[in-house]
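Since the structure comes first, as structure tokens, the remarks are kept for the end.
Here, each number is a calculation from the coordinates, and none is a lab measurement. Note that the structure is a prediction, hence the values are computed from the model and not measured. No Cβ is skipped: glycine too gets one built from the backbone with ideal geometry, and neighbour counts run over all protein chains shown.
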Amino acid sequence: MRIGLITSVGATLNAFFPPIIEHWESMGHQVFTAASDSFRFERHTILNAVTRNPSPKNLGAPFQLSKWAKMNNLDVIITNTATVSFLSRVVKMPVPVIYFCHGLHWNSGNEKASAVWKGLEYLSLRNTAAVITINHDDEAWFREKAPGVPALRIASGVGVPIDKFPRAERLPVDGAVKLVWAGEFSKRKRPFLAIDVVRQMVEMGAPVHLTMCGRGEFFEEAKKMIKDQKLENQISLEGYTKEVHRFLSESHALLMTSEWEGLPRIGLEALAIDRPIYAFDVKGTRSLPLVNTVTEYDVEYLAKLIIRDASIQFANNLTVNPEDLTPDSVAEEILRIVSVGVEETRK
């Protein structure tokens, strides 16, 4: 099969798809990629009418995408990320288009903007051969709005390279509970709620240490909040780091405070290493296997839950088979729904 794989920007291809592409090609398929900028792959095309965000330049994108599909004699197009996924389905392409949806990101708080995006997505479903989702909320939306379009939810998202996140023996809790938080210091990731959880644990008399990895617009504000609340001994800020796997291995659990997610990669990485996850019950996060969730914003109960589970050495948290999280298993699941979508198109 000649597979076209497109994303709005090359960084998305680079972040998630190299092992999937490698697995497809090991099975004898040929892969052709495209994006608005470069990606280190021999059969890659830069499409100048495609952009990260909607733009007047996009007017020429459907024609350019159609030409790219014909030039490479593709059998199917798999599209990922919002802008190019709409552009590749707003008009009919010469081959079936499979939408690999990383998340319907409509939680902007602007109801009018949300309605517009929902309408555009609904419009594009008529040219969608099949849909791949990675969380329950998006799966439910597609099944309701497009019951005739084949849909598959992949529980492990885009997968985890388990060689980079090898399983580590769980640590005994014989002192402070060691937590990790990782992500951008942004409005959506809500790092201040992680600080609130630690404050609650301290007030409850529980020894705790939180390592926060990442930076962002609220980094300095978070730093000040930690100082003002006299939590410097309980929280360390690591900034951007490539050592998240090491911090997870040296921790007891992962703490997540996002407003919403597609399916958080950091959660899958924690599961691969065998670390339990504590989070709010929000879109995307709730779809992680074996995640421990509480009502959104209930930092007091989240703190109590972590303390309770730490008191029994997190023994009530089950483990996930890391082989179920690999990009190879994801690549094969994608091909399964691609085959269904292509067959449905031929009927």
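Where does each of K223, K164 land when they are ranked from fewest to most other beta-carbon atoms within 10 angstrom?
Lowest to highest Cβ neighbour count: K164, K223.
Pairs of Cα atoms under 8 Å, at least six residues apart: use those to get the relative contact order of the chain, whole percent.
Over the chain, the number comes to 17 percent.
On each of the three principal axes of the Cα atoms of region 177-323, give max minus min coordinate, whole Å, ordered largest first.
42, 31, 28
Arrange S186, S258, S85 by Cβ neighbour counts within 10 Å, fewest through most, would you?
In order of increasing Cβ crowding within 10 Å: S186, S258, S85.
Report the dimensions of region 1-152 along its three principal axes from the alpha-carbon atoms, largest first, rounded to Å.
Sorted from largest, the Cα extents of region 1-152 read 42, 33, 28 Å.
Return D174, D137 ranked ascending by Cβ neighbour count within 10 Å, so the fewest neighbours appear first.
Exposure proxy ranking, most exposed first: D174, D137.
Counting residues in region 42-106 as N, plug N into 2.2 N^0.38 Å and put the Cα Rg over that result. Write out the running numbers ahead of the final one.
Numbers: Rg = 11.5 Å, N = 65, 2.2 N^0.38 = 10.7 Å.
So region 42-106 has a normalised radius of gyration of 1.07.
Calculate, in whole percent, how much of the Cα-Cα pair population of the chain lies beyond 36 Å.
Everything past 36 Å amounts to 26 percent.
Relative to the Cα centre, what is the charge dipole magnitude of region 177-323, using +1 at the beta carbon of each Lys and Arg, -1 at the beta carbon of each Asp and Glu, and rounding to the nearest 20 debye?
120
Could you tell me the distance between the Cα centroids of region 136-170 and region 268-347, to the nearest Å?
Here the two parts' Cα centres lie 9 Å apart.
For a test of the definition: using alpha carbon positions, the gyration tensor, and the 1.5 limit on a/c, classify region 270-347 as rounded, prolate or oblate.
It is oblate, given that a/c is not under 1.5 and a/b is not larger than b/c.
Non-local amide H neighbours of T241 (under 5 Å, H modeled in plane, Pro and chain starts lacking H): which ones?
G214
For labels at R143 and T241 in the simple 7 Å Cα→Cβ model, what's the distance in nm?
So the label points at R143 and T241 sit 4.0 nm apart.
Could you work out how far apart the two model spin labels at D174 and L231 are, taking each label as a point 7 Å from the Cα in the direction of the beta carbon, and quote it in nm?
Here the answer is 2.8 nm between the modelled labels.
Spelling out what I want: for every residue of region 73-85, take phi, set θ = phi - 60°, compute 6.51 cos²θ - 1.76 cosθ + 1.60 (Karplus), and round to whole Hz; glycine and proline get x.
Each residue of region 73-85 in turn: 6, 6, 9, 7, 10, 10, 10, 9, 6, 4, 5, 5, 5 Hz.
Using 7 Å Cα-to-Cβ label points, what is the K118/N316 separation (nm, one decimal)?
For the pair K118/N316, the computed spacing is 3.6 nm.
Work out the length of the dipole vector of the chain about its Cα centre, built from +1 on the beta-carbon of each Lys and Arg and -1 on the beta-carbon of each Asp and Glu, and round it to the nearest 20 debye.
1100
Based on Cβ point charges of +1 for Lys and Arg and -1 for Asp and Glu, what charge dipole magnitude is obtained for region 1-151 about its Cα centre, in debye rounded to the nearest 20?
Using Cβ point charges on Lys, Arg, Asp and Glu, region 1-151 gives about 540 debye.
According to the Kirkwood expression over distinct Cα-Cα pairs, how big is the hydrodynamic radius of region 191-254, in Å?
Its Kirkwood hydrodynamic radius stands at 12.3 Å.
Quick check on the chain: helices-only [θ] at 222 nm, where DSSP H runs of length 4 and up contribute -39,500 (n - 2.57) each and the sum goes over total residues. Nearest 500, please. Provide the component values of the computation, followed by the final result.
Details: 12 runs with 128 residues, N = 347.
So the calculated ellipticity at 222 nm is -11000 deg cm²/dmol.
Looking at I312, F100, Q229, which one has the Cα that reaches farthest to the positive end of the dipole of the chain (charges on Cβ: Lys, Arg +1; Asp, Glu -1)?
The residue sitting most towards the positive pole is F100.
Whole-Hz Karplus ³J(HN,Hα) for region 93-98, in order, using 6.51 cos²θ - 1.76 cosθ + 1.60 and θ = phi - 60°, x for Gly and Pro?
Karplus-based 3J(HN,Hα) across region 93-98 equals 7, x, 9, x, 10, 9 Hz.
Assign one of three labels to region 112-165, namely rounded, prolate or oblate, based on the Cα gyration tensor with a ≥ b ≥ c the square roots of its eigenvalues; rounded applies when a/c is under 1.5, prolate when it is not and a/b is larger than b/c, and oblate otherwise.
Cα axes put region 112-165 in the prolate bin.
At 20 °C and 1.002 mPa s, what whole-number value in µm²/s does Stokes-Einstein give for the translational diffusion of region 79-237, with Rh from the Kirkwood sum over Cα pairs?
Once the numbers are plugged in, D ends up at 112 µm²/s.
So who's got an amide H within less than 5 Å of the one on V177, skipping anything under 5 residues away but keeping other chains? H placed 1.01 Å off N, in plane.
V208, H209
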